[in-house]
1. Ranked highest first by the average count of other Cβ atoms within 10 Å around their residues, in what order do 325-336, 154-165, 139-150 fall?
2. If each residue of separation counts as 0.36 nm, what is the full-extension length gain between residue 206 and residue 115 once their alpha-carbon separation is subtracted?
3. What's the FRET efficiency of residue 274 with residue 70 using the Cβ-Cβ distance as r and R₀ = 35 Å, to the nearest 0.05?
4. Given the Cα-Cα distance of residue 85 and residue 134 and 0.36 nm per residue of separation, how much length would full extension add, in nm?
5. How far is it, in nm, from the label point at residue 213 to the one at residue 305 when both lie 7 Å from their Cα along the line to the Cβ?
6. Determine the gain in length on full extension of the stretch residue 240-residue 197; use 0.36 nm per residue of separation and subtract their C-alpha separation, reporting nm with one decimal.
């Protein structure tokens, strides 16, 4: 039996048919009609291109301008925070003139961008960028020029690495300011430690509780000028609490090699639960600039008014304030851990 092979012409035809089947795309039922209806609005048609161009021209400038403004604001904030690094929060004699100038320049640029953003708002629209939701929370001090604080911050500078150099008697740790906008309260918190006797960073916490009320900014020229927000502070009480002794102190009070007596236990519990409150009234209030004079010696005037506190910038990350009495500025960053 002789096998018959296809001729060259028939083989070429079969190859062309196979290629045609590979390149031919099969669509599900109904898709051809859909494509036929859509062909009039195809992206390649001049009408569709014109519509796309009009949509891009109407939406692109707004989104691009807001995005660039947000990037610029972020850049200015990062520059300010970076300028404050290595200055020991403005401790007395710790920062030089060049570092201080860099901080003030970065602060001025950030405040200027904030004012420009307000000027671009609609005419006659009253805006309040110092929203309570942004102000509420816990803020950590990164720089200040207030003399009553910079003198204290000297104790936060680590001693030079010299053998047998005695440590400072007191070490100042983090300083916080917490705003409770619902109750109109401010809590100023300073963490202090005594080397060897207390824990290194959080040995004891000193708090000064204050209340506040809204006030008109000192440089406001009109009632609609709310470029700065001003608060009138009244200190109410000082609190010393959260004493945390070091392992060395605990060993002295209750040695591990000896059984702990009831007295040792009471001393340790007393230190852990220690809390002292000093209400600010009468002479203490008048000494701090608050209260009023009274002819009755038994009459106590609560609170110590300490002047105004103005904010020139506030967002979700950075807060810039100024005490009108001492003209000291305060720069904070938001403590998002709280």
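1. Those peptides, ordered most packed to least, come out 139-150, 325-336, 154-165.
2. 29.1 nm
3. 0.15
4. That pair, residue 85 and residue 134, stretches by 15.3 nm at full extension.
5. Those two pseudo-labels are separated by 0.9 nm.
6. Stretched out fully, the residue 240 to residue 197 stretch lengthens by 13.8 nm.
No lab work stands behind these numbers, since they all come straight from the coordinates. All values derive from a computational prediction rather than experimental measurement. Here Cβ is always computed from backbone atoms with ideal geometry, including for glycine, and neighbour counts include all displayed protein chains.
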